[in-house]
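Here's the structure we're looking at; comments come further down.
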Amino acid sequence: MKRILSKLASNETVAGYVFLLPNFLGFLVFTSLPVLASLVLSFVQWDILTPPRFVGMDNFVKLLGFHKEAGNWFANDPLFWKYVYNTLFLMLAIPVNMVGALVVALVMNQKLRGIVFFRTIYFLPSVCSGVALYMLWRWMYNPDYGLLNAFLVRAFAFFHVNAQPPAWLTSVTWAKPAFMIMGFWGAIGGMNMILYLAALQGVPRELYEAAEMDGANSWRKFWAVSMPFLSPTTFFIFIMGIIGG
């Protein structure tokens with residue numbers, strides 16, 4: 001009997017490795033080797049037409065370093081630091097998107113009539129064509145006839161504010177906030193909402209009942225009962241948001 005069980009376990013192990021093999025090969029060919037090649041190429045100067053020439057840390061010095069001119073320090077590559085600033089600025093939307101997804105998940109976790117329909121509606125933008133969504137927001141951001149500017153014009157007139165609505169996508173000041181707003185709209189009902197919803201549905205109902213018996217209100221039940229179960233999901237979403245950013 002032990003020999004049969006040992007053989008079955010061995011067969012299951014081999015089958016497991018066989019199932020993992022395609023994913024491992026894909027990771028090796030399309031991820032590991034390109035990353036390793038990029039690391040090696042970062043230490044050489046190569047224009048593809050001529051053989052690579054080893055330059056050591058010169059590429060990193062040109063990219064990250066600073067030099068002094070007329071008593072002032074200037075970046076060797078100012079565009080790189082501009083890109084870093086733009087990236088960090090856009091990543092400020094990550095916690096806002098996470099809070100929005102959590103709020104929507106809390107609403108979608110309620111036992112209401114037609115809740116499955118509303119969950120589908122909120123998740124629908126995540127499975128729609130990206131081109132269609134970009135065209136939709138391009139129309140909404142249009143400075144002449146866009147929906148947002150039409151709303152702002154009426155709001156300014158109602159409050160007697162003498163101001164012009166922004167030229168969203170053609171303005172250096174408003175382009176990044178425009179992308180952040182569009183990202184927020186797509187994030188609150190996307191995969192983050194689904195992950196939070198799954199985590200909320202995994203909270204044992206008995207814990208809520210025990211909290212109610214202790215006199216806890218809704219806010220206290222959320223912080224004392226729900227949040228500990230949501231912490232791993234929050235950490236995962238935050239890390240994936242940083243990687244995506």
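The values are calculated or read from the model by the stated rules, or taken from the named source; none is laboratory data. Just so we're clear, the structure is a prediction, and the values are computed from it rather than from any experiment. All Cβ positions, even for glycine, are placed from backbone atoms using ideal geometry, and neighbour counts span all protein chains on display. Only protein heavy atoms, including side chains, enter the accessible area calculation; ligands, DNA and RNA are left aside. Shrake-Rupley method; radii C 1.70, N 1.55, O 1.52, S 1.80 Å.
General remarks:
- Spacing of the two label points (7 Å from each Cα toward its C-beta) at Ala37 and Thr50, in nm: 2.2 nm
- The mean sequence separation of alpha-carbon pairs under 8 Å and at least six residues apart, normalised by the residue count of region 99-204, gives a relative contact order of 45 percent.
- Taking the accessible area of the chain, probe 1.4 Å, and keeping the other protein chains in place, the carbon and sulfur fraction comes to 71%.
- Eligible aspartates and glutamates near Lys221 by straight Cα distance, threshold 13 Å, same-chain separation 8 or greater: Glu206, Glu209, Glu212
- Site pair Phe118 and Phe229 shows an inter-label distance of 1.9 nm when each label is modelled 7 Å from Cα along Cα→Cβ.
- Overall, the anisotropy analysis places region 1-120 in the oblate class: the square-rooted eigenvalues a ≥ b ≥ c of its C-alpha gyration tensor yield a/c not less than 1.5, with a/b not exceeding b/c.
- For the chain: accessible area per residue (Å², 1.4 Å): 75 Å²
- For the chain: relative contact order, % (alpha-carbon pairs under 8 angstrom, 6 or more apart): 18 percent
- Extent along principal axes [Cα atoms of region 101-215; Å; largest to smallest]: 55, 36, 28
- Among [x] 1.43; [y] 0.97; [z] 1.48, the entry derived from the coordinates for Cα Rg over 2.2 N^0.38 Å: [z]
- Across region 101-142, the residues whose backbone nitrogen lies under 16 Å from the label position 7 Å along the beta-carbon direction of Ser218 are 102-113.
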